[in-house]
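Below: one structure, written as structure tokens.
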Amino acid sequence: MTENDTTWRFWIDRGGTFTDLIGVASDGRLVTRKLLSENPERYEDAAIAGIKDVLYVAQTDPVPSGRVHSVRMGTTVATNALLERKGTRTAFVTNRGLGDVLRIGTQARPRLFDLAITLPSMLYETVIEVEGRIGVDGTEATPLDEKVARAALDAARADGIGAVAIALMHGWKNPIHEERLSEIAREAGFTQVSASHVVSPLLRLVPRGDTTVVDAYLSPILRRYVDQVSKSLDGIPLYFMQSHGGLAEASSFQGKDAILSGPAGGIVGAVRSAEAAGFHSIIGFDMGGTSTDVALYDGTFERSLDTEIAGTRVRVPMMAINTVAAGGGSILHFDGARFRVGPESAGANPGPACYRRGGPLTVTDANLCLGKIQVGHFPAVFGPNGDQTLDADIVQERFAEVAREVARSTGIARSPQEVAEGFLDIAIANMVKAIKQISIQKGQDPKRFALTCFGGAGGQHACLVAEALGMDTVFIHKFAGVLSAFGMGLAELGTVRQRAIERPLAASAAEITGAIADLADEARAAVIAQGGDAATIRVTAQLHLCYEATEAILQIPAEVADHEAAFTEAHETRFGFAIPGRPVIVDAVLVEAIAPGESVQEQTPPRREAALAPVGIGSMWSRGEARRAGIFDRLDLRPGDEIS
């Protein structure tokens, strides 16, 4: 920012329960806001409402475009549409005889001994099978029957289908049929047409088809929200966080890249803020209102190539994030024999019982009952007018009711605090299990990492989670409650391009080099088109390698001197063994082009000469008994302060 810059930059994370906002003034001053994502009595969209609040503009007035430099956002719109199956009515177009290929799927059975297998619902509503086939060598084996395809697409459009997903056999090798079908679909009136050779140009029809359907299903929903925000911002530059951790200009934001939009911003914020504090190996622990997201960082961002979300497999690069349904809004149940936490969430409306909207008991209520949330130090944003504090009385009454129910069912008398602590123990166990899955199960010892806690509920559980994992260090940034929004500001403008290779590593050096060069040019051009400075763009490349006749793909940096040796070492670390003598296959090449993000100079306050004094004394229930504890204001902390 220059001295004459009087505009604001806004970084926003629109979550399922809360929308977090950070406004950066022209003088570097940072202002934060946290709003309920759904509050129809007070505003239509929380992100726009937060911007107006910072600018002291009435909610009925437009955003003054001259006072806003840019807006960066992460959103759960696509995620929620996928989870709730509220996307666009979609038709799946594939080769004749393969109409049920996505329903059959990979035949993976994650719960092997279930007698009653419940299959997830398909995202597409109807299937169109077309005559025509591309052979494995990329040549046309059977011509495309355009007349029949056109009639079927016209009928689907007349029936109200809004989107088309096209995935044909070997479409990645030769997209000529997919390209022609895309043209016919647009001529039929479809505005959303997703073709697999564009969405996911990789081998294997099932994951390629699944990903294409997801893109067609979510993109129109996402586009409506993006257009709504863009209209409210009236030409202000708008960027969205993508699942792989890079920003995209609003017009380039696609459904397939939006599923982990919000959580990806959180990981970027956790990593950048932790590195600034001297921690270079971290486990990110993001506990929000609906779920807890955990991710591991050991010098590089870990990305997953195949991700399953809500029963749908998506094959695009995403931050490797493990999510469990244990957020502050996770609903607490007693079924007559045991305590259960989630997976249902109270969300923003009605929210937890303490939000004064008649909601159910949640993890947040358990922390309030135990004194880990102090009413007097929590924002007064509840009630009909958004100016009341949390309701501690109703929480105490509701936990007393559960305690009486427990006594009737089991004969064991418990206090409301003991009941709340029991629920909390279950939530902690769920979070610990999620962290073990990204660390111990992948050959990493969590003890050598710092637990970086953020999200509105992260700090309430940080020490219990670290203790259960044997971790010695917990890092909580001063913006931990809005760190996902902070990550939007620290993220870089970036795009990813992929190409299938499917050849032995030893015989494909020239093909790899050519693919990297082609993809690098394509990715660099895409970033420049979105506003990136050509002089500052950097390009990185990865090889996706696996042993012949296996599908365990590992990502190896293209710049390493010996790709096979690096793959062998990575395989031994991840799986505990290698297979000497077996050929290594290059499944695909991935290239990422990145333009640097914004920087924030955080000022370090001077050290304190006298001991830090608490702002109050409160009662907190811990390990089965009530304890008196000092209450400290995070803004009062200085380097070297100790709290005991």
Over the stretch 535-567, the set of residues part of a helix (DSSP H, G or I) and either without any contact (Cβ under 8 Å) to a residue 12 or more places away in the chain or closer than 21 Å to D521 by Cα (or both) is A535, T536, A565, A566
Could you list all residues from the stretch 456-504 that are out of contact with any strand residue (DSSP E or B) (no Cβ under 9 Å at 6 or more places or on another chain), more than 19 Å from A277 (Cα to Cα) and either at pLDDT below 90 or open to solvent by 50 Å² or more (accessible area, probe 1.4 Å) (or both)?
-> L464, E467, A468
Report whether or not L153 is touching a strand residue (DSSP E or B) at 6+ places or on another chain (Cβ under 9 Å) and either exposed (fewer than 12 other Cβ atoms within 10 Å of the Cβ) or not basic (K, R) (or both).
-> yes
From the residues in the stretch 199-211 that are crowded, with 18+ Cβ neighbours inside 10 Å and assigned to a loop (DSSP other than H, G, I, E, B), which one is modelled with the lowest pLDDT?
-> L202
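Starting from residues that are assigned to a helix (DSSP H, G or I) and modelled with pLDDT under 90, keep the ones in the stretch 212-254 and report whichever is farthest from A167 (Cα to Cα). Spell out the reasoning first.
The initial filter retains those residues of the stretch 212-254 that are assigned to a helix (DSSP H, G or I), namely 212-233, 250-252.
Applying the additional criterion that residues be modelled with pLDDT under 90 yields 251-252.
On the way: S251: 24, S252: 21 Å.
Here the answer is S251.
With the requirement that a residue be part of a strand (DSSP E or B) and either of a type in the set (G, A, S) or at pLDDT below 85 (or both), what does the stretch 325-349 give you?
S330, G342, P343, E344, S345, listed by residue number.
From the list A595, A534, which one is open to solvent by 50 Å² or more (accessible area, probe 1.4 Å) and closer than 30 Å to F10 by Cα?
On inspection, the qualifying residue turns out to be A534.
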Pairs returned, first residue in the stretch 617-644 that is in contact (Cβ under 8 Å) with a residue 24 or more places away in the chain, second residue that is aromatic (F, W, Y), beta-carbon separation under 9 angstrom, 6 or more apart or interchain, are D641/F632; I643/F632
Which one of S230, S196 is free of Cβ contacts under 8 Å to residues at least 60 places away in the same chain and either out of contact with any Ser or Thr (no Cβ under 8 Å at 6 or more places or on another chain) or open to solvent by 10 Å² or more (accessible area, probe 1.4 Å) (or both)?
-> S230
If you go through the stretch 325-345, how many residues are surrounded by 24 or more Cβ atoms within 10 Å (Cβ to Cβ) and either among the β-branched types (V, I, T) or over 17 Å from I428 (Cα atoms) (or both)?
-> 1
If you go through the stretch 541-551 one residue at a time, how many are surrounded by fewer than 18 Cβ atoms within 10 Å (Cβ to Cβ) and either in contact with a Phe, Trp or Tyr (Cβ under 7 Å, 6 or more places away or on another chain) or β-branched (V, I, T) (or both)?
-> 1
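Looking only at residues in the stretch 578-589 that are surrounded by fewer than 16 Cβ atoms within 10 Å (Cβ to Cβ) and among the aliphatic types (A, V, I, L, M), which one is nearest to the chain's Cα centre (by Cα)? Show your work before the answer.
Pass one, the stretch 578-589, residues surrounded by fewer than 16 Cβ atoms within 10 Å (Cβ to Cβ): 578-583.
Adding the requirement that they be among the aliphatic types (A, V, I, L, M) leaves 578-579.
Numbers: A578: 32, I579: 34 Å.
Ranking the candidates gives A578 first.
Quickly run through the stretch 457-510 and pick out the residues that are of a type in the set (S, T, N, Q) and in a strand (DSSP E or B). Step through it out loud before you land on a result.
Here is the first cut: in the stretch 457-510, the ones of a type in the set (S, T, N, Q) are 460, 473, 484, 495, 498, 508.
Across the stretch 457-510, the qualifying residues are T495, Q498.
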Within the stretch 6-16, is even one residue free of Cβ contacts under 8 Å to residues at least 12 places away in the same chain, among the aromatic types (F, W, Y) and surrounded by fewer than 23 Cβ atoms within 10 Å (Cβ to Cβ)?
-> no
If you go through the stretch 558-577 one residue at a time, do you hit one that is open to solvent by 50 Å² or more (accessible area, probe 1.4 Å), touching a strand residue (DSSP E or B) at 6+ places or on another chain (Cβ under 8 Å) and among the small types (G, A, S)?
-> no
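Matching residues to (1) part of a strand (DSSP E or B); (2) open to solvent by 20 Å² or more (accessible area, probe 1.4 Å); (3) under 30 Å from Y217 (Cβ atoms):
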| position | (1), (2), (3) |
| --- | --- |
| I259 | no, no, yes |
| A264 | no, no, yes |
| I267 | no, no, yes |
| A274 | no, no, no |
| H280 | no, yes, no |
| F285 | yes, no, no |
| T290 | no, yes, yes |
| A295 | yes, no, yes |
| G299 | no, yes, no |
Count, please, the residues in the stretch 164-188 that happen to be out of contact with any Leu (no Cβ under 9 Å at 6 or more places or on another chain) and either more than 23 Å from V316 (Cα to Cα) or crowded, with 23+ Cβ neighbours inside 10 Å (or both).
-> 2
R103: passes all of (1) over 30 Å from R223 (Cα atoms); (2) among the basic types (K, R); (3) exposed (fewer than 14 other Cβ atoms within 10 Å of the Cβ) but (1)
Does A348 count as under 30 Å from F382 (Cβ atoms), among the aliphatic types (A, V, I, L, M) and either open to solvent by less than 30 Å² (accessible area, probe 1.4 Å) or touching a strand residue (DSSP E or B) at 6+ places or on another chain (Cβ under 8 Å) (or both)?
-> yes
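Somewhere in the stretch 269-289, is a residue of a type in the set (F, W, Y), within 23 Å of R103 (Cα to Cα) and touching a strand residue (DSSP E or B) at 6+ places or on another chain (Cβ under 9 Å)? Explain how you work it out, then say what you get.
The initial filter retains those residues of the stretch 269-289 that are of a type in the set (F, W, Y), namely 279, 285.
With within 23 Å of R103 (Cα to Cα) added as a condition, the list becomes none.
So far as the stretch 269-289 goes, no, none of its residues is of a type in the set (F, W, Y), within 23 Å of R103 (Cα to Cα) and touching a strand residue (DSSP E or B) at 6+ places or on another chain (Cβ under 9 Å).
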Here are L112, L35: which of them is open to solvent by 60 Å² or more (accessible area, probe 1.4 Å) and modelled with pLDDT under 90?
-> L112
Which condition does A407 not pass, out of (1) open to solvent by 20 Å² or more (accessible area, probe 1.4 Å); (2) assigned to a helix (DSSP H, G or I); (3) under 30 Å from T32 (Cα atoms), if it passes all the others?
-> (3)
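The values are calculated or read from the model by the stated rules, or taken from the named source; none is laboratory data. Computed from a predicted model, the values in this text were never measured in an experiment. Here Cβ is always computed from backbone atoms with ideal geometry, including for glycine, and neighbour counts include all displayed protein chains. With ligands, DNA and RNA removed, areas are computed over all heavy atoms of the protein, side chains included. Shrake-Rupley method; radii C 1.70, N 1.55, O 1.52, S 1.80 Å.
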